[in-house]
1. Does Phe139 meet the test of being over 13 Å from Thr59 (Cα atoms), surrounded by fewer than 17 Cβ atoms within 10 Å (Cβ to Cβ) and in contact with a helix residue (DSSP H, G or I) (Cβ under 7 Å, 6 or more places away or on another chain)?
2. Would you say Gly174 is within 26 Å of Ile97 (Cα to Cα) and either free of Cβ contacts under 8 Å to residues at least 24 places away in the same chain or not aliphatic (A, V, I, L, M) (or both)?
3. Tell me the residue from Leu172, Leu168, Leu225 that is surrounded by 17 or more Cβ atoms within 10 Å (Cβ to Cβ), over 20 Å from the mean Cα position of the chain (by Cα) and of a type in the set (A, V, I, L, M), please.
4. In the stretch 78-96, how many are assigned to a helix (DSSP H, G or I), crowded, with 18+ Cβ neighbours inside 10 Å and more than 14 Å from the chain's Cα centre (by Cα)?
5. Only residues in the stretch 101-112 that are more than 13 Å from Leu150 (Cβ to Cβ) count as the first member; pair them with residues that are assigned to a helix (DSSP H, G or I) and of a type in the set (Lys, Arg), Cβ under 9 angstrom, at least 6 apart or cross-chain, and list the lot.
6. Being in contact (Cβ under 8 Å) with a residue 60 or more places away in the chain and closer than 18 Å to Gly202 by Cβ narrows it down to one of Leu92, Leu75, Leu168, Leu122, so name that one.
7. Can you pull out every residue in the stretch 97-130 that is under 26 Å from Ser74 (Cβ atoms) and loosely packed, with under 15 Cβ neighbours inside 10 Å?
8. Hey, could you check the stretch 157-187 for residues that are modelled with pLDDT under 95 and of a type in the set (Ser, Thr, Tyr) and say which is farthest from Ala220 (Cα to Cα)?
Amino acid sequence: PWLFAHLGSSGFLPFGVTIALVTLAAIPVLAARNESPTIVAESETSHFLRYIWLVPTATFAVLVFGAVETGGFSLFPVYGSRIGYSEADAALLLTMIGLGNVLLQIPIGMISDRVSDRRYLLLACATVGLVGTVFMPFFAQNWHLMAALLFVWGGVVAAMYTIGLAHLGSQLSGHELASANAAFVLCYGVGMVIGPQAIGIGMDAFGPSGFGWSLAIFFAAYMLLVLVRLVRKII
């Protein structure tokens, strides 16, 4: 988004720079291609889909994040333009979301390593996500307040992925963890599919306010799930 704000959206230059950055990002991934751990499979195996329901506080956390990341972040420029932001200002606000995503992961991760039950932290992240969407319309008239809100909101919401994965890893091990990770990634993909659809429908039906309402439904539904699991004392 920062490059988009400075390079514009026309011509080959923004696409060329993006291609170069993605290519550079692939270098460390390729360098670590032989570092994967060896998983020893046990005699009894089961379909990975059952792990969606085995640790739902983890798998549905990433589903919500996938919906918010793909739907919310990708449609934010549309939302921004409808509430009066210029193309450049909306792009810079997306940059603030990205900065929060990068800079807040380490402190949130340190907290995650120290809590005994990560479901409480996942509940807190979803609560911040819900509160942030509620306050967006009130902060929209002040770009700097909106930027600060989105910095915190983007970083905390993104932590639902990492904390959810850590929670999954704390509950399972061995081949079960490998299968559960496949279910985890599947839920992320499902979220990426339903997020843009739900938010787009919300904005078509209710205008700019539909953006926040659609996001709020995802967060509220997940909060309800976690609360029920906590009350029943099940993972």
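The values are calculated or read from the model by the stated rules, or taken from the named source; none is laboratory data. Treat the numbers as computed from the prediction; the structure is a model and nothing was measured. Please note: Cβ atoms are built from the backbone with ideal geometry, for glycine as well, and neighbour counts cover all protein chains shown.
1. Criteria met by Phe139.
2. Numbers: within 26 Å of Ile97 (Cα to Cα): no; either free of Cβ contacts under 8 Å to residues at least 24 places away in the same chain or not aliphatic (A, V, I, L, M) (or both): yes.
So Gly174 does not fit the description; no.
3. Values: Leu168 fails: over 20 Å from the mean Cα position of the chain (by Cα); Leu225 fails: over 20 Å from the mean Cα position of the chain (by Cα).
Within the list Leu172, Leu168, Leu225, the selection yields Leu172.
4. Of the residues in the stretch 78-96, 8 are assigned to a helix (DSSP H, G or I), crowded, with 18+ Cβ neighbours inside 10 Å and more than 14 Å from the chain's Cα centre (by Cα).
5. Going by the 9 Å Cβ cut-off, the qualifying pairs are Ser112/Arg118.
6. On the way: Leu92 fails: closer than 18 Å to Gly202 by Cβ; Leu168 fails: closer than 18 Å to Gly202 by Cβ; Leu122 fails: closer than 18 Å to Gly202 by Cβ.
From the options Leu92, Leu75, Leu168, Leu122, the qualifying one is Leu75.
7. If the condition is that a residue be under 26 Å from Ser74 (Cβ atoms) and loosely packed, with under 15 Cβ neighbours inside 10 Å, then Val102, Leu103, Ile106, Gly109 are the ones that fit.
8. Ser173
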